[in-house]
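Report on the following structure.
The values are calculated or read from the model by the stated rules, or taken from the named source; none is laboratory data. Bear in mind that the values here come from a model prediction, so they are computed numbers and not experimental data. Every residue, glycine as well, gets a Cβ built from its backbone with ideal geometry; the counts of neighbours run over all protein chains shown.
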Amino acid sequence: MGECQNKQLIAIIRPDGLFEIDWQTVNQKLDSNALAVQDEIYKQYHRHIEQFWFWLGLMKDSESLSESLSYLIRIAASFVRKLTRNPDIEVLREKTRAELEDGEVEELLYKAPYLTGSQYLDQSWMEQAWKMLHRAFAQSVQNHEGRIAQLFMAGNSPIHLAGRVYFHLVENKKEEEYPFSFLATYAAEPSTKGKSRHLPLKNALIEYGENSRKLLDLLSTVNKASGKSAFIAELVESGDIFYPIGLTATEAYTFLREVLLYEEAGILCRIPKWWKNKSEALKLTVSVGDKQPSYMNTDALLGFDAELWLGGEAISADELKQLLAEEEGLAFIKGKWVEVNHKRLQEALKAYEQAQQWMDESDLSLIDAMRLQLSANKMLGISEESVELEVTNGQWLDSVMYRLTHPEEIEALASAGDDFHASLRAYQERGLDWLYLMKTLGLGACLADDMGLGKTVQVIALLNVLRTRKQEKALLVVPASLIENWMSEIGKFAPSLKYYVCHPSENKEIAGHDGSLEAYELFITTYGMLSKYEWLTEREWDTLILDEAQAIKNPGAKQTRRVKQIKASYKIAMTGTPIENRLSDLWSLFDFLNKGLLGTAKEFTQFTKSMRDYADGYTRLKQVVSPFILRRLKTDKTIITDLPDKIEMKTYAALTKKQIVLYNKLIQELKSKIESAEEGIERKGILLAAMMKFKQICNHPDQYLGQQVYAEEESGKYVRLREICETIYEKREQVIIFTQFKEITESLRAFLEQIFQHKGLVLHGETAVSKRKELVDRFQGKEYVPFMVLSIKAGGVGLNLTSANHVIHFDRWWNPAVENQATDRAFRIGQQKNVIVHKFITQGTIEEKIDQMIEDKMKLSSEIVPDMQESWITEMDNEQIMDLMRLSI
C-alpha cells in the first residue's frame, strides 16, 4: 500500500473487545516517512494479529497516524506503562499483571476520538481489550529468551523499566516546622502471590550489606537521580536517604517540582493527589446562560459570569493579589496546600480581568455560548498554555442542553398532526419531539439515525405537525434518485401535505418565482437543480431539509456553496453516514447547520491539530456538537427492543434517459408481437421473454444490449446502489446482493469494489461446489470482506452468511417466498444484528406495478402468488399486459 500516498490507516472498533485495521482514502498526501510507518504497522497487524496490540504500545505515537489508530496506541501504551512500573517484572515475566482501575477506564473512554464502532466503546470493551493485551504480552515474553528490559527496548520508542526504589512524600499535619515527611522504600523479593513487600530503604543495608553488589544495583536509580538533583544528592551524601525525615514546605516544593526528573531516572514516586491535579488547582471558570433570555432563537443574548478558583475553593481577585505578595512555593490556604507560582497567578489574574472586560462589553448569542466551550481561550484572548480555563453552562442553558442530549426528557407532542397515517415507534416519537424543540430554539439539527431506523418518516411527521399548526414553506433537497422515495412516503404517511417537485422528471414548467406555487407547503428539489432554479435560493424558507447531507461534506465544492446560500430559519441535515474518521466533514455539516459554531475552516483545522496536545480536546468537541446531533444506532440498547429483527424497505430508482428509450421501444415491439401471436405457448413465451428484457433494462441498459461497459450514470439502480453501499462502507458493515442474472454479477463486483475499496466475492450457479465453502468462510472470517454478489438460484438456499446485516435484492424475483428464502441467508440462527433488507424497484416500470400487485395480494391472502414465478402474469389479457408494461412516469 506504500505507493498510495492518499491512504491512511484507521482503526475500527469491534463489539467483541477487538478491532480491525483498514485503509481509508484521505484528501492530503502523506510523506514517505509516514507511509513507511503505516506500511510497517499494516504488516505487523497481518503478521502477528494476536501480539500486534502489545507491539503498538512499544512504538512512539506518530503525528502522521490517524486519530483512531493513535487512540489504540494510547491504550496499549498505558498498559505498557503499567507493566514497566512493576518492580518485579523480571521475576514474574509473563505472569506480570497490569491492573485496570475504574478511574482509568473512564479516563480512556473520556478521551476517545471519533472513530468507527465508537458505540462499542464501554467498560466491557475495555476489559476485554485489557485481557487481550495481557495475552499478547504473555506470548511475547514466552517467545523472548532474554531479559524483559530488552523486550521493551526493541520498540520504536525505547521504554525503560522502573527500578525497585520508591520515593514517598506525605503531609505531616502535626508538625508546623516540618509539615511534610519524606521516606524512601524498596520492593523486596516478591511473595508467592506475586506481590512485593515495600520496606524502608534502611532495611536494604541489613539485607544486602553496605558494600554488596545487590545494594549497588538497587541504588543505581538513586545515583542517576542524584546526578541531576542537588536535593537528592544531599540526602545521599548525608545518609538521610535511608531514613524517614521531615521536610519544610520549601524542601517539599523542591521535591515536587523534581518528580518528573526522579521518574525519568527510574524511581517511582508516591505524592499527594492535590499536586497531581495541580493543573486544576488554579483555574478560571466561565459560566454562560444562567437565566433564560427574553426571546429565543440563535441570536438571543445570554449573560455569563467569570470566577477564579484555587485549590478547589473560589478566590477573589484581591485574595489572588495578596498571594502574589508572598514568596513562591507551597502555601496552606483554607485548609489545603496550594502552589504559589507568581507567573501562573499573574496570568490567571490577567485572564480574569480580560474576561471581566469582555463581559462588560459583550453579550453572547446561543451559538457563541456553545462555541465558547470549544475556543474560549481564543474568544477571551487568553493563551491556552497560561491558565486552566473551564467553561460551564449556567442553570438555564444546562437544562436546554440536557434535553437536547436526552430526547426522552423533552415534553412530548400530543400527536404528529391531522391525517397522519403511521404509528411511530417510541424512539421515532422522541426524534419528532427533538426536531420540533430544535425548531422552537432556532437551532440547526442533524438527524443521523442509523440506516433503517426511519429518518424519513420522522421528518415527514414534523412537516405534518407544522402543516397542522401553522402555514409555513419548507424546501427539501435530495439526490435525484430519492425523489420517488419521498413522494411515495409522503403519499403513504401524510397525504394532506401538499408538495411540489421542482425537477423536470415530474414538472416541466417551474414557475415558483411568480407566486403560482404558494398553495404548496413543501417543495422538493435536487442538489443539481439548485443552480437551475434560482428562485429556490433567492427566497427565505421556514425550514430547509437536506437528505443524504453528506452531499455537502466537501466545503469547496460548487454544490456545497450553492446549498449554503439558501436562507432558512430552521435547517435539518439527514445523514446515515457517520463522521468518525473525517473531521472536515463535520465542519462542513455544521457550517451549514449552525454557522460559526465550529469557527472558520482555518480555525477548526488549527483546533483539530491541537487536540492531540490536550487530553480533553475531543471531549470538548463532542460537548459542543452532540446537542445538535441525534444519532440512534440499531445496536442501541434503548431502541433495540423496539425494532423488528428484519427491517424491510423499498428502494426506488429512477430510469435514465437511455433506459426510458429502450423501455419504450421494447413496449412497442411487445405490442406488435402479442397482437399477432397465437394463444398458448407462443404467447406465454413472448411475455416471459419480454418480462426478462424489461428487468434487464431496469438493471442496466448494457445488460439488455449485451455490452460490457456498465457506466454508472446510465442506470438508476447503480446510482442508488452506490448511495446505500457508501453508507455501509463508512460503518464497515457487510452486505449480500442478490440478482437472478449471472451475467451481471461480475459488473456488480467491479462496481462495488470501487465503492468499498476492497475485494468482494461472487457466487453463482457455475461456482464449483467445492469452492462455495471457501467463499462463505472468507465472507464470515475476521478479515473485512464487504460484499458478496449472489445469483438468487445459487445463493438462495444452504448458505450461512450471518456476517452481513444488509441484504439487497437488486432485481425482484416477484415471488416473496423465494426472496424471503434468499434473505434468510443473513437472517438466520447466529445473526446478532438487525438485518436491513433493501428491495430495489424502478419507478414507473413493470417492477413498481407488480410490487404493488403483490402487496395488494398479501393483504388478501397468505397465498401470495403461485410458485410458478411470473407465469401468473401470462394469464392476463392483452390490454392488462400493456397497462402493466407501460411506463408511468
Complete set of residues in segment 644-665 that are touching a residue at least 12 places away in the same chain (Cβ under 8 Å), outside any strand (DSSP E or B) and closer than 24 Å to residue 504 by Cα: 654, 655, 656, 658, 659, 660, 662, 663, 664
Test result for residue 673, touching a Leu at 6+ places or on another chain (Cβ under 7 Å), over 29 Å from residue 550 (Cα atoms), among the charged types (D, E, K, R) and in contact (Cβ under 8 Å) with a residue 12 or more places away in the chain: no
Residues of segment 428-453 classified as over 19 Å from the mean Cα position of the chain (by Cα) and in a loop (DSSP other than H, G, I, E, B), total: 3
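Kindly provide the set of residues from segment 789-812 that are of a type outside the set (Gly, Ala, Ser) and closer than 12 Å to residue 733 by Cα, ordered by number.
Those that are of a type outside the set (Gly, Ala, Ser) and closer than 12 Å to residue 733 by Cα: 802, 805, 806, 807.
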Residue 441, sole failed condition from (1) buried (at least 20 other Cβ atoms within 10 Å of the Cβ); (2) farther than 23 Å from residue 648 by Cα: (1)
Test result for residue 344, of a type in the set (Lys, Arg), under 37 Å from the mean Cα position of the chain (by Cα) and not in a loop (DSSP other than H, G, I, E, B): no
Filter result for the condition that a residue is modelled with pLDDT of 95 or more and assigned to a helix (DSSP H, G or I), over 779, 751: 751
Given (1) crowded, with 18+ Cβ neighbours inside 10 Å; (2) touching a helix residue (DSSP H, G or I) at 6+ places or on another chain (Cβ under 6 Å); (3) in a helix (DSSP H, G or I); (4) at pLDDT 95 or above, index of the condition residue 140 fails: (4)
In segment 42-59, residue surrounded by the most Cβ atoms within 10 Å (Cβ to Cβ) [restricted to those that are over 26 Å from the mean Cα position of the chain (by Cα) and touching a residue at least 40 places away in the same chain (Cβ under 8 Å)]: 58
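Let's see how each residue does on (1) under 25 Å from residue 392 (Cα atoms); (2) part of a helix (DSSP H, G or I); (3) outside the structural domain of residue 568 (by TED's automatic domain parsing):
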residue	(1), (2), (3)
305	yes, no, yes
318	yes, yes, yes
327	no, no, yes
337	no, no, yes
349	yes, yes, yes
360	yes, yes, yes
Members of segment 32-58 that are at pLDDT below 90, aliphatic (A, V, I, L, M) and farther than 18 Å from residue 130 by Cα: 34, 35, 36, 37
Pick from segment 333-372, criterion touching a Gly at 6+ places or on another chain (Cβ under 6 Å) and closer than 26 Å to residue 596 by Cα, ranking: surrounded by the most Cβ atoms within 10 Å (Cβ to Cβ): 369
Boolean, residue 66 is small (Gly, Ala, Ser), in contact with a helix residue (DSSP H, G or I) (Cβ under 8 Å, 6 or more places away or on another chain) and buried (at least 17 other Cβ atoms within 10 Å of the Cβ): no
Candidate set: segment 524-542, residues that are over 18 Å from residue 552 (Cα atoms) and exposed (fewer than 13 other Cβ atoms within 10 Å of the Cβ); chosen: the one modelled with the highest pLDDT: 540
Identity of the residue in segment 762-781, free of Cβ contacts under 8 Å to residues at least 24 places away in the same chain and surrounded by 11 or more Cβ atoms within 10 Å (Cβ to Cβ), that ends up nearest to residue 805 (Cα to Cα): 780
Set 121, 58: member being under 24 Å from residue 45 (Cα atoms) and out of contact with any Gly (no Cβ under 6 Å at 6 or more places or on another chain): 121
Pairs with Cβ under 7 Å, 6+ apart, first in segment 64-85 and under 21 Å from residue 160 (Cβ atoms), second of a type in the set (S, T, N, Q): 83/96
Members of segment 59-110 found to be in contact with a Ser or Thr (Cβ under 7 Å, 6 or more places away or on another chain) and in a loop (DSSP other than H, G, I, E, B), listed by number: 59, 60, 61, 86, 87, 88
Test for residue 10: is it modelled with pLDDT of 85 or more, surrounded by 12 or more Cβ atoms within 10 Å (Cβ to Cβ) and in a helix (DSSP H, G or I): no
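For segment 834-878, which residues satisfy the criterion of being outside any helix (DSSP H, G or I), among the acidic types (Asp, Glu) and at pLDDT 55 or above?
Of everything in segment 834-878, just one residue is outside any helix (DSSP H, G or I), among the acidic types (Asp, Glu) and at pLDDT 55 or above, namely 877.
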Set 39, 16, 88: member being over 23 Å from the mean Cα position of the chain (by Cα) and surrounded by fewer than 18 Cβ atoms within 10 Å (Cβ to Cβ): 39
